[in-house]
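Notes follow the structure.
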């Protein structure tokens, strides 16, 4: 072999080697932007939510983080061992979590949080002097009891904010019906314990998608205040904030009083069981831990718990459902927009 042919052969070998190294590196490297982003995960979740919720035993689908801290689709199941669930969807990782069955929460299963030695004698289940604080027992005369979420205003009137299933008895109440404090389960009597009348509610649709479970009762500043009892966080701010994964939150409710938690998933689609059927809700906020709420806390306002943030004590959601492991809240902006009101807070 002469020197020209030898040099040509060596050149070809070097070029091929470089190409192989280059292709090999591209194949082994992660995508240019790293793991799939939050927007991509939301898009994939929306594309597959209907199919996933059609799997027997799936209670909900949202977007959260996996163990590596990357955005992921979160599938919530009623029981362990639900089969046929993917590990990835269109390249986005999937995490499966047992949530248990999700219920609307107007069914108190205990008398409420007892007072501590250094707390006032009154508890959230008692009849409070008027004006009553937010975060205490309330309800339509025909239901058990839920929670007053906030005092809201349209600029002229003030209203008590809670859930449809607390103030409108799952679509079956009439406008003008009394709302009580405390709720009937806690000894409230109609009309003696009335703090207002049902003014408006968003109907719950069992055959379509819902975003809010909400109602307002026409009241007055003489009947309802704008802050929690003294052992709570005080008055919420009038502004609102958007929930994000990992956000620290706090609420005050009829059954568990003041509790703290974190946003675990957002943009969730969940199936919620009511007395009159199962309704699907979209764009929901899922909060952990399981001690954040219990039956009777429905209607509680969920606010930001971060003193270092300008959003501290701004509302992010209206609690309405949950299981023994997770709490579900409506995003607050669609709730307020439905009635043309703002939070009458700090």
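Values quoted throughout were computed directly from the atomic coordinates according to the rules given, and no laboratory measurement underlies them. Predicted, not measured: the structure shown is a model, and the values here were computed from it. Cβ placement follows ideal geometry from the backbone for every residue including glycine, while neighbour counts extend to all protein chains displayed.
Overview of values
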quantity: In nm, spacing of pseudo-spin labels at residue 346 and residue 262 (7 Å Cα→C-beta vector); calculated: 2.3 nm
quantity: Protection-proxy order for peptides 56-62, 232-238, 154-160, 87-93, each taking the mean of Cβ atoms within 10 Å per residue, highest first; calculated: 56-62, 232-238, 154-160, 87-93
quantity: Computed [θ] at 222 nm, deg cm²/dmol, the chain (DSSP H ≥ 4; -39,500 (n - 2.57); rounded to nearest 500); calculated: -5000 deg cm²/dmol
quantity: Nitroxide proxy distance, nm - points 7 Å out along Cα→Cβ at residue 291 and residue 278; calculated: 3.1 nm
quantity: Förster-model FRET efficiency, 30 Å R0, residue 238 and residue 67, C-beta, rounded to 0.05; calculated: 0.20
quantity: Shape of segment 101-346, Cα gyration tensor, a/c cut at 1.5; calculated: rounded
quantity: Length added when fully stretched, residue 85-residue 312, from 0.36 nm per residue minus Cα-Cα; calculated: 77.9 nm
